[in-house]
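First the structure, in the form of structure tokens, and then the observations on it.
The values are calculated or read from the model by the stated rules, or taken from the named source; none is laboratory data. Keep in mind that this is a model prediction, so the values were computed, not measured. Note that each Cβ is placed from the backbone with ideal geometry, even for glycine, and that neighbours are counted across all protein chains shown.
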Amino acid sequence: MRRHQRKLVYLLGFMGCGKTTVGVLLARQLGWPFIDLDVTLEAGQGMSIREIFDRLGEPFFRQIEHAALREASRSEPAVIALGGGTFVQDSNLEFIRFMDGITVWLDCPIEELERRCQGIDNRPLFRDAASFRQLFAQRVPYYQLADFRVSTGGRTPQEVVDEILKLQVF
Ligand code: S3P
């Protein structure tokens, strides 16, 4: 296995897979800073993710998401939680590969993702079960491009972190 040179971990996966929860714990245990891309976008715009989508539109969201990704990647070491759509934008994928960090897909069964996202209002792309599943199916081929896949379904955040730490890339 190739040993990564950069101390950058990108957590990716669909909405509700645990990127933020796992990222906070992982960063704490590594003693590295944690950056949540969505949080930096909300802080930068002074609006919630839903408001950014509603008022400024998804294309604008994707532009500032790319800029935030570049900015976050200047920190090293860092654990960076991407948004569910970050890794599926070609320019982001290309940039992340160029950065030569470690990409970890937090994979979770769709039923559990649906359960976790229901009733949460700040996810503009969670409209209904059918479109949620369709989006998930479109994105899985991208998520599969990550260096590592870790299952999060039915597991505690700490169990997920333990598995990531066992990857022996740190
Ligand atoms: C999105 C996922 C969200 C957020 C935005 C768009 C997506 O992040 O970036 O609503 O395209 O799947 P989470 O995956 O953290 O919910």
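Observations on the model:
- Listed conditions (1) under 24 Å from Ile110 (Cβ atoms); (2) touching a residue at least 60 places away in the same chain (Cβ under 8 Å); (3) in a helix (DSSP H, G or I) are all met by Tyr10, apart from (3).
- As a summary of the residue check, Arg70 satisfies the conditions (1) modelled with pLDDT under 95; (2) assigned to a helix (DSSP H, G or I) except for the one numbered (1).
- Filter pass, Phe14 being within 12 Å of the ligand (Cβ to nearest atom), aromatic (Phe, Trp, Tyr) and under 25 Å from Thr152 (Cα atoms): yes
- Residues of segment 99-121 that turn out to be in contact with a helix residue (DSSP H, G or I) (Cβ under 8 Å, 6 or more places away or on another chain), among the acidic types (Asp, Glu) and either part of a helix (DSSP H, G or I) or on the phi > 0 side of the Ramachandran plot (or both), as a count: 1
Every residue, every condition in (1) closer than 19 Å to Leu145 by Cβ; (2) in contact (Cβ under 8 Å) with a residue 24 or more places away in the chain; (3) in contact with a helix residue (DSSP H, G or I) (Cβ under 7 Å, 6 or more places away or on another chain); (4) not in a helix (DSSP H, G or I), yes or no:
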site: Leu41; (1), (2), (3), (4): no, yes, yes, no
site: Arg50; (1), (2), (3), (4): no, yes, no, no
site: Arg55; (1), (2), (3), (4): no, no, no, no
site: Phe60; (1), (2), (3), (4): no, no, no, no
site: His66; (1), (2), (3), (4): yes, yes, yes, no
site: Ser75; (1), (2), (3), (4): no, yes, no, yes
site: Gly83; (1), (2), (3), (4): yes, yes, yes, yes
site: Ser91; (1), (2), (3), (4): yes, yes, yes, no
site: Arg97; (1), (2), (3), (4): yes, no, no, no
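- So Phe53, is it within 13 Å of the ligand (Cβ to nearest atom), under 23 Å from Tyr142 (Cβ atoms) and either surrounded by fewer than 18 Cβ atoms within 10 Å (Cβ to Cβ) or more than 13 Å from the chain's Cα centre (by Cα) (or both): yes
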